[in-house]
Amino acid sequence: MMGDRSFQNIIQSAMSSIGKELEIEIDPKDIQTIHLQEVTQCLRRSYYDRIEPNEIERRGFNELLSGLLRKLEYGSEPKEFAIDDIELKGQVDMLVDDSILLFRSATGELENPQANDILYLNACMWIYDKVDGVIVYITGDRKETTFTLTRNKKMFEEVIRRVRVLHDLLKEQKTPILEPSSDCSSCQYYERCFMKKKNTKQVSLLGILGQ
Ligand code: SF4
């Protein structure tokens, strides 16, 4: 009979295989192509993903929703936006009636959209030249929260700045600075940036400052 432990391992490994299938394909050596996902998350994480990657641990099938929709290409081929000699490549989850739709998983109903999702959606509106965008958050128990966005130039300029920074750091093989955020606790590089995770609430300031 199959124990709970091995059953969990099977599900984890299934999620990991599907997740790999659905990941955006990034050629780590092609630094002239920067992917939108890389600059709307922590740049240090994107740098490690290219230079010395660790596998990400997935927590649930609803995390895979966005990748599944992208793969099915509901009217949304990946698109590139030229920034000097760099191509910024983005892909939306869905294009419906000239509006861009993104779908994201959430653990509960949100009062505001996540900052990196706003950056991603806004940049897509410039890359695809559309003026309306929607983010739909879906929880494990199928509750939806929807936010709409009108495109904003200043926010897109910030994304362009981050594209140039990541490109230059990859070229010079320099690790980006820490970008501490709530994402760090689930980041696969937490121990590289901070310290070994322990099941205690004690925090070593020396461990952080020693970086
Ligand atoms: S732990 Fe935080 S700062 Fe370090 S790479 Fe991950 S997200 Fe970035």
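Any chance you could count how many residues in the stretch 104-118 are of a type in the set (A, V, I, L, M), outside any helix (DSSP H, G or I) and crowded, with 17+ Cβ neighbours inside 10 Å? The total comes to 1. Checking each residue in the stretch 17-36 for being modelled with pLDDT under 95 and under 19 Å from Tyr120 (Cβ atoms) picks out Gly19, Leu22, Glu23, Ile24, Glu25, Ile26. Do you know which residues across the stretch 150-177 are of a type in the set (A, V, I, L, M, F, W, C) and surrounded by fewer than 16 Cβ atoms within 10 Å (Cβ to Cβ)? Selection gives Val165, Ile177. Gln114 meets all of the listed conditions (1) away from the ligand (no atom under 16 Å from the Cβ); (2) at pLDDT below 95 but one, namely (1). Within the stretch 119-146, the set of residues being among the aliphatic types (A, V, I, L, M) and part of a strand (DSSP E or B) comprises Val134, Ile135, Val136, Ile138.
Filter the stretch 151-168 down to residues that are in contact with a Lys or Arg (Cβ under 9 Å, 6 or more places away or on another chain) and farther than 16 Å from Asp84 by Cα, then give me how many there are. Going through the stretch 151-168 one residue at a time, the tally reaches 1.
Restricting attention to the stretch 148-197, the residues that are assigned to a loop (DSSP other than H, G, I, E, B) and either touching a His at 6+ places or on another chain (Cβ under 9 Å) or more than 16 Å from the ligand (Cβ to nearest atom) (or both) add up to 3.
The values are calculated or read from the model by the stated rules, or taken from the named source; none is laboratory data. Nothing here was measured: the structure is a model prediction, and the numbers come from that model. Cβ coordinates were reconstructed from backbone atoms using ideal geometry, including for glycine residues, and neighbour counts include every protein chain displayed.
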